[in-house]
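Q: Below is a structure I'd like to ask you about.
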Amino acid sequence: GHFAPVMSRYGLAAELRGHEQDVRGICATPAGEVVTCSRDASVRVWTPATDGPAFECSRTLLGHSHYVGAVAAAPGTLVSGSNDKHVIAWDVEGAAPARVLDGHTEVVSCVAVGDAGTIVSGSWDKSVRVWRDGGESPSQELKGHEQAVWAVLPLPGEAGILSAGGDKTVRLWREGAEPLVFTGHTDVVRSLALVPGIGFASASNDGLVKVWTLDGACALSMQASSSFVYSVACLPSGELAACGEDRMLRIFKDGECVQTVPHPAPVWAVAALPNGDLATGCADGVARVFTADEARRAPADLAALFEQEVQAQSIPATEIPGQVGGVDVTNLPDESALEAPGAKEGQYKIVRDVSGAPTLFTWSMAEARWNKVGQVVGDPNAPGGGASAPGPALGPKQHNGKTFDYVFDVDIAEGQPPLQLPYNRTDDPWMAAQQFLWDNNLPQSYLEQTANFIIQNAGAPQGAAAPRNADPFTAGGAYVPQAAPEPAAGAMPGNVDPFTATGAYRPGAQAPLPTAPVEDPLSANRYRPGATPPAPAAGAGGSLVPTRSPLSFDTLPKPETVLGKLREFNAALQVAGDARALAQAEASALEEMGSALKAAQSRQVPVSPAALAALAKALGWPPAQVFPALDLLRTALLQPAAASSVRAFSPPVVPRLLSLLKPDAAAPAPTVVMALRSIANMTTVPALHPLVGEQASDVLEAASEHLNSPAAAPARTAAVTVLLNFSVFIMSSPTSEEESQAQILSALSPALAQAAEAAATLQGAEEEVALRLLAAVGTLCHSTVGKGFVRQLATDLGIAESVRTLAAPSTPERARQCAQAVVASLS
């Protein structure tokens, strides 16, 4: 039939550049200004230029101490919410906070402003709070959501408050009535928008946008994307705009998509301006305004640059909506296939461009043309980065009705058809090989040859134990219950701890062989806790994901220097007449314990009550002198004989350690390192778990502060080990641990961003820090309860982006392998 193009709709009007990281939230003021907030911890106000479509940054508002993910405006009111758990009401003219609203106990994920300046906020603490009459304390707290609250929307005329969250529901709260619960979404509900004359719209990770009446009926349901939809807005015309993970802004009219606007990166937020324009906040750090008014369109050169940015992106085959199975590059049509018009707005088509590369196009009904979205590549986690080439298929493969990363053809006998060997990169290649032998009744002697075939053709495994249980954290045999592990080929003997270059503690494992200590090149024979450089670790980084056993700092390679410092500091306290000085008998008991601990490694040694009592007393020494005692403590903690005594220490040991980690303690670096290592070791001892668990939030907060401080690598390594060990226990917890999961991920996010910036130059201790950061994320992704929450939150915090950067070919091998395993775990 005859095809008649419709009039062009929304086109680029302006780009708002200034943020240093993702633009996570966006809104419009009644005067037509655009307000943005970002992971760079700032809020910016953008005013339309007087002589064109451009916008100028008129105010930069600084006051939050962490990512800012939500912003809202109304006449005379501008508010923002942040990962720092605060809501700020801003004095825009003075570019300063007018009020800081405290009350939420977790990240503030959404804010809104109702009639009469009422502020509404929602948080990961599962509550909605209402702030009225200019107060700094909430006048109302609404509880009922079973998971984090992601969106709030006050109704006009104080008719109620809508909220939506991770429990897949929307709730309508009205005075004096039980909340009305709207169900229908099958995943997290991320955004709400008022739809005048009908009710409201909701957007969800299930890819749907739904329109609801206020009595609970779903009036309309639209498939807005095949991936997460992050935000929805209602235009003055009644049309809806939605955006999300697939990098698209979509416009809907009467339930049909009438326009798609590709972006260079995922689109976090969309807002409607009073004049009918649209503003988006994007993961590339840029906010953009789009208009249907030709008079407000951007200059042609700016529009062309935007189009080039979009086209320059590489699109993994697995991210193409509706794509099932692989893309056979050799059978793709050439660009002549684009001469036929598309059937609907946003239709996808993959063709071979002039260079033979597979390229994705999308159909624009408004422009009556196919617009290039970007070049299609294989899975970015595949060996070699997944670059496409003529011949291979891109994307997942099918075998017996299931999807696999690889399906290999294996020739067993001449003249017989090949057998198919399915394999996922998260599988253990040895187990995949064994299953292949069982399925096809093949001799057991084929096992090693088959496993090596998988490794050679699929690269290093991700998310499973490396061959022969090679443990990259310990450069030797990983702990295998009921069996003595075989060391990795070429690995150092035994469980070598990369921080102390001696045997690492693995409960129940065979005692490791002793190894020679690594000398500290900076301090020679001087005692300097935490300064020993890590020994090189062996094994594939992917075997860390998930990490199944907590890590410890277990050896005391130089007890004579530790005890020497202890004697020196004790003598100084005695000269000063300090009551905390140890008596001769107490000092002798500690020296005996130190000598015994040197020889302990993973064996049990007697620890006398007198020595532990002396140690408890020495823990009260000033921050500048306490580190030798902490060095003995973190080693003694691993001895079963010490656990019951440590639980009875007065003052309690965990609060004492936390007090040394506070900024006002002004503790020197050795003290910080040893305090963190002591906490890390406590997490490996079941008898001490209650002590740590009672103050889990404070412990995680302290670890976060030191992980993301300018501290040297030993302190940051100890801090990330605390977070990793918590992740190990959360992974197997049968109950929801969302608060701890969120706290850990919030701590890991900036550290991973820093590691990603230096990905190509990671080495030594910094690579070990990066490995443990990645291992913690990957381990949380395997949580028995809440893995979906973890994966979504990792995306929201920018962790997924950092991990993808670390998975690039330029990253050193172990960190790259580990990052690739985490990418697989996040998907």
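Q: Going by a ≥ b ≥ c, the root eigenvalues of the Cα gyration tensor, does the stretch 593-744 fall in the rounded group (a/c under 1.5), the prolate group (a/b larger than b/c) or the oblate group? Walk me through the numbers on the way to the answer.
A: Working: a/c = 1.74, a/b = 1.24, b/c = 1.41.
It is oblate, given that a/c is not under 1.5 and a/b is not larger than b/c.
Q: Work out from phi, with θ = phi - 60° and the Karplus expression 6.51 cos²θ - 1.76 cosθ + 1.60, the ³J(HN,Hα) of each residue of the stretch 634-644, listed in order in whole Hz, and give x for Gly and Pro.
A: Going residue by residue, I get 5, 7, 5, 4, 7, 8, x, 5, 8, 4, 5 Hz, with x marking Gly and Pro.
Q: While we're here: Taking 0.36 nm per residue of sequence separation and subtracting the Cα-Cα distance, how much length would be gained by fully extending the chain between D409 and A303, in nm to one decimal? Provide the component values of the computation, followed by the final result.
A: Working: separation 106, 0.36 × 106 = 38.16 nm, distance 4.79 nm.
Extending this stretch completely gives an extra 33.4 nm.
Q: Take the Cβ-Cβ distance between R548 and S608 as r, set R0 to 35 Å, and report the resulting FRET efficiency rounded to the nearest 0.05. Provide the component values of the computation, followed by the final result.
A: Numbers: r = 34 Å, r/R0 = 0.97.
Step by step, r from the Cβ atoms, then E = 0.55.
Q: Can you classify the stretch 663-717 as rounded, prolate or oblate using the Cα gyration tensor, where a ≥ b ≥ c are the square roots of its eigenvalues, rounded means a/c under 1.5, and otherwise it's prolate if a/b beats b/c and oblate if not?
A: prolate
Q: On average, how much accessible surface per residue is there in the stretch 740-827, in Å², for a 1.4 Å probe, leaving out ligands, DNA and RNA? Please list the in-between numbers first.
A: Numbers: 2450 Å² over 88 residues.
Accessible area per residue, the stretch 740-827: 28 Å².
Q: Compute the FRET efficiency between Q763 and N452 as 1/(1 + (r/R0)^6), taking r as their Cβ-Cβ distance and R0 = 30 Å, and round to the nearest 0.05. Let's see the in-between values first.
A: Details: r = 29 Å, r/R0 = 0.97.
The computed FRET efficiency comes out at 0.55.
Q: Now, a different point. Grab the beta carbon distance between A312 and S733, set R0 = 35 Å, and tell me the FRET efficiency rounded to 0.05. Could the numbers behind the result be given before it?
A: Details: r = 43 Å, r/R0 = 1.24.
E(calc), rounded to 0.05, equals 0.20.
Q: What is the spin-label model distance, in nm, from S810 to A712 if the labels are put 7 Å beyond Cα along the C-beta direction?
A: The two pseudo-label positions are separated by 2.9 nm.
Q: Starting from the Cα-Cα distance between Q435 and S226, subtract it from 0.36 nm times their residue separation and give me the gain in nm to one decimal.
A: Details: separation 209, 0.36 × 209 = 75.24 nm, distance 3.32 nm.
Going from the current span to full extension adds 71.9 nm.
Q: Label L180 and D334 with points 7 Å out from Cα along Cα→Cβ: what is the distance between them in nm?
A: Here the modelled spin labels are 6.0 nm apart.
Q: Please give the net charge around V672, taking every other residue with its beta carbon less than 11 angstrom from that of V672, where Lys and Arg add +1 and Asp and Glu add -1. Walk me through the intermediate numbers first.
A: Details: positive: K662, R677, R716; negative: E705.
Overall, the nearby charge balance is +2.
Q: Here's a follow-up. Give the shape of the stretch 671-751 as rounded, prolate or oblate, defined through the alpha-carbon gyration tensor: a ≥ b ≥ c are the square roots of its eigenvalues, a/c under 1.5 means rounded, and otherwise the shape is prolate if a/b is larger than b/c and oblate if not. Write down the numbers at each step before the final one.
A: On the way: a/c = 2.10, a/b = 1.29, b/c = 1.63.
Oblate, because a/c is 1.5 or more while a/b does not exceed b/c.
Q: Residues in the stretch 607-627 near a label at D698, defined as backbone nitrogen under 17 Å from the 7 Å Cα→Cβ point?
A: 620, by backbone N distance to the label point.
Q: Points 7 angstrom from Cα along the Cβ direction at Q574 and V785: gap in nanometres?
A: 5.4 nm
Q: Students often get this wrong, so check it: of K168/K210; K143/K787; K126/K168; K143/K168, which have C-alpha atoms separated by over 19 Å?
A: K143/K787
Q: I need the GluC sites (Glu not before Pro) found in the stretch 94-186, filtered to DSSP loop residues with at most 11 other beta carbons within 10 Å of theirs.
A: Values: sites: E106, E136, E141, E146, E158, E175; in loops: E106, E136, E146, E175.
Those that pass, being in a loop and sparsely packed, are E175.
Q: Sticking with this one: How long is the gain from E367 to D664 if the chain were fully straight, where each residue apart is worth 0.36 nm and the alpha carbon distance is subtracted? Mind dumping the intermediate values first?
A: Working: separation 297, 0.36 × 297 = 106.92 nm, distance 6.22 nm.
Gain on stretching E367 to D664: 100.7 nm.
Q: Would you mind counting up the charge near A751? Only other residues with Cβ under 12 Å from its Cβ, with Lys and Arg at +1 and Asp and Glu at -1.
A: Its environment carries a net charge of -1.
The values are calculated or read from the model by the stated rules, or taken from the named source; none is laboratory data. What you are looking at is a predicted structure, and each value in this text was computed from that prediction instead of being measured. Cβ atoms come from the backbone with ideal geometry, glycine included; neighbour counts cover every protein chain shown. Ligands, DNA and RNA are stripped out before the accessible areas are found, and what is left, the full protein with its side chains, is counted by its heavy atoms. Shrake-Rupley method; radii C 1.70, N 1.55, O 1.52, S 1.80 Å.
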